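Here the structure comes first, spelled out in structure tokens, and everything after it is commentary.
Laboratory data are not the source of any read-out in this text; all were calculated from the coordinates shown. Bear in mind the structure is a predicted one, so any value in this text is a computation, not a measurement. Reconstructed Cβ throughout: ideal geometry from the backbone, glycine too, with neighbour counts over all protein chains shown.
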Amino acid sequence: MSQIIIPVDPFDYVVFGGTGDLAERKLLPALFHRQLAGQLTEPTRIIGASRSEMDHEGYRNFAREALKEHLPDDEYQEEDVEQFLARLFYVAVDAKSDKGWSELKALLDEAPERVRAFYLAVGPALFGDISERIQSHGLITEQTRIVVEKPIGRDLQSARTLNKTIGEVFEEEQIFRIDHYLGKETVQNLMALRFANALYEPLWNSAHIDHVQITVAESVGLESRAGYYDKAGALRDMVQNHLVQLLCLVAMEPPSSMEAEAVRDEKLKVLRSLKPITENNADAVTVRGQYKAGASAGGPVKGYLQELEGGVSNTETFVAIKAEIDNWRWSGVPFYLRTGKRMSERISEIVVAFKPIPHSIFGPGAGRITANKLVMRLQPDEGVKQWIMIKEPGPGGMRLKHVSLDMSFADRFEERNPDAYERLLLDVIRCNQTLFMRRDEVEAAWSWVDPMLTAWEETGQPVQPYTAGTWGPSQAIALIERDGRTWHETD
Ligand code: BG6
């Protein structure tokens, strides 16, 4: 089966932070892949912007190296790369002064009618300065959009301030707040599974679902982000955005269409129904963890504090939460969330655990009847597994077995699985906001996270140590086992 490629109109993508880590690892490779797929039309341009002094050729050299490093060898074909590099331009721009802005304007004014996107791949401290200068230098046209990356604030107050600052320059329809998890194929598949099949939706409620688990486990540690991460921690870095967004897609009511406002209205209702976690219950429903030295990816690895080089820190690198949604559909159905660095393996999964059957007609010889589960694997090995009971083949009476109906997307489809950024970067050009977060959504997510942060601070909830390369602290296992349930074992 071949993918359907719909070319987009030519555009100018200006990437602030154009020489940074995100541009190098994700944005340039993603745009390159879209070119390979035939989606970029002439004369699309990608304009790197940052403080470093460099000319167009210098930027092309930077991008060539980035592609060499981040593309698999068989995708790095000289001719394609050179064709891509010819689209690249560069302007040295200072966010904090007027330096370079008139050069950027002159470049953009060569094609004032073209769709124009500004990607802020920079820290949030610069969002305000850059937005204001984009405006004061007259760079905003009818066809302009701005893309911002997380972290959008570090609490509700700072998120509101950031949203307000950007909102003073751009209309909400022009602002694309990226959560790259929403661009992942299986995350979109979750919507297909729920709303393009008659099978699941009638069962998708507290009458039939026992609980939901969302796990986003990473095997990497701090990488080179100690400065940012130690101030953020797992709750801000992963839960406030990625895990909460996944929870919303599992829990939301069917939207009336895939239109952005319809989907985001439904997600917002879920966010507003999340039961508050405060100092009264934080200790019982949340677990904070921090990794110590252990083994990962086949070798010994340092503990978090050693990675911080002797630092002292109470930052959590792991968090598990028993979340509850106080609404008609989900009342009494816990959503267990967990995420952490330096865990056993890199794996992201959503598990929908159904209730047991009400009565068994099979005798004790048939064995235990395990409840059904639907497992959506986001990464790696994207796919869906439906766990069901069947009769074990062969004579000798009725013996039942728990087996999975597997659909691995890699086996089913020949095409490569596009990176989340490929989809999202071009959705910006198409002006499709469905997979981006609206201002009120971001703020509602912070409204749920904020009291948890305060509770941790006020009660001094400690981080529980866990050995690198494991599934987190034992308290996280106890969190779910207290309710008579267990974490789904990945396979
Ligand atoms: C980012 C976090 O948003 O997501 C990182 O800041 C994390 O800490 C990353 O490693 C995980 O993304 P992915 O796509 O590799 O699961």
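Could you list MET54, MET452 in order of exposure, starting from the residue whose Cβ has the fewest other Cβ atoms within 10 Å?
Listed from fewest to most nearby Cβ atoms, that is MET54, MET452.
About its Cα centre, what dipole magnitude does the chain give when the only charges are +1 on Lys and Arg Cβ and -1 on Asp and Glu Cβ, stated in debye to the nearest 20?
It comes to approximately 1740 debye.
Please compute the contact order of region 247-397 in relative form: average sequence separation of alpha-carbon pairs under 8 Å and at least six residues apart, divided by the residue count, as a percent.
15 percent.
Calculate, in whole percent, how much of the Cα-Cα pair population of region 63-204 lies beyond 23 Å.
Cα-Cα pairs in region 63-204 separated by more than 23 Å: 55 percent.
Work from the charge dipole of the chain (Cβ charges, +1 for Lys and Arg, -1 for Asp and Glu, about the Cα centre) and give the residue of MET389, GLN464, TYR200 farthest towards its positive end.
With unit charges placed on the Cβ atoms, the residue in question is MET389.
Find the relative contact order for region 205-315 and round it to a whole percent, using C-alpha pairs within less than 8 Å whose residues are 6+ positions apart.
24 percent
Of VAL287, SER313, PRO300, which is farthest on the positive side of the dipole of region 274-329, counting Cα position, with +1 on Lys and Arg Cβ, -1 on Asp and Glu Cβ, and the Cα centre as origin?
After comparing all options, I get PRO300.
Ranked by Cβ crowding within 10 angstrom, fewest neighbours first, how are LYS322, LYS164, LYS355 ordered?
Working: LYS322 20, LYS164 11, LYS355 15.
Placing the least packed residue first, the sequence is LYS164, LYS355, LYS322.
Could you name the lysines in cross-link range of LYS385, using Cα to Cα under 20 Å and dropping any fewer than eight places away on the same chain?
Of all the lysines, those that pass the test against LYS385 - Cα under 20 Å, at least 8 places apart if same chain - are LYS184, LYS355, LYS373, LYS401.
log10 I(q)/I(0), Debye, Cα-only region 218-364, no solvent, q = 0.15, 0.17, 0.20 Å⁻¹?
Listed by q, the Debye log ratios stand at -0.89, -1.03, -1.22.
From the convex hull of the Cα coordinates of the chain, what is the mean projected area in square nanometres?
25.7 nm²
Counting other C-beta atoms within 10 Å, which of CYS248, CYS431 has the fewest, and how do the rest follow?
Final ranking by Cβ density, sparse to dense: CYS431, CYS248.
Provide the FRET efficiency to the nearest 0.05 for the LYS231-ILE390 pair, computing r from the beta carbons and using R0 = 45 Å.
With R0 = 45 Å, the Cβ-Cβ based efficiency is 0.35.
Only four residue types carry charge here, +1 at the Cβ of Lys and Arg and -1 at the Cβ of Asp and Glu. Report the dipole size of region 349-491 about the Cα centre in Debye, rounded to the nearest 20.
Rounded to the nearest 20 debye, it is 840 debye.
Give, as a single signed number, the net charge of other residues whose beta carbon lies under 14 Å from the beta carbon of GLU53, with Lys and Arg counted +1 and Asp and Glu -1. Could the numbers behind the result be given before it?
On the way: positive: ARG51, LYS99; negative: ASP55, GLU57, ASP94, GLU103.
That sum, taken over residues with Cβ under 14 Å, equals -2.
Check each of the GluC sites (Glu not before Pro) in region 76-144 and keep only those in coil by DSSP with at most 12 other C-beta atoms within 10 angstrom; list them in order.
GLU110, GLU113, GLU142
Taking loop as defined by DSSP and a crowding limit of 11 other beta carbons within 10 Å, which GluC sites (Glu not before Pro) in region 449-491 fit?
Answer in residue order: GLU489.
Could you tell me which GluC sites (Glu not before Pro) in region 370-439 are loop residues by DSSP with no more than 11 other beta carbons within 10 angstrom of their beta carbon? Show your work: numbers first, answer last.
Numbers: sites: GLU382, GLU414, GLU415, GLU422; in loops: GLU382, GLU414, GLU415.
Listed in order of number, the matching sites are GLU414, GLU415.
I want the local charge near PHE436. Using Cβ-Cβ distances under 12 Å, sum +1 for each Lys or Arg and -1 for each Asp or Glu among the other residues. Walk me through the intermediate numbers first.
On the way: positive: ARG145, LYS150, ARG177, ARG264, LYS267, ARG423, ARG430, ARG438, ARG439; negative: GLU149, GLU172, GLU173, ASP179, GLU261, ASP427, GLU441.
Here the charged neighbours net out to +2.
So what is the relative contact order of the chain, in percent, for Cα pairs below 8 Å that sit 6 or more residues apart?
The normalised contact order for the chain reaches 18 percent.
So, with +1 on the Cβ of K and R and -1 on the Cβ of D and E, and no other charges, what is the size of the charge dipole of region 14-82 about its Cα centre, to the nearest 20 debye?
The calculated dipole for region 14-82 is roughly 420 debye.
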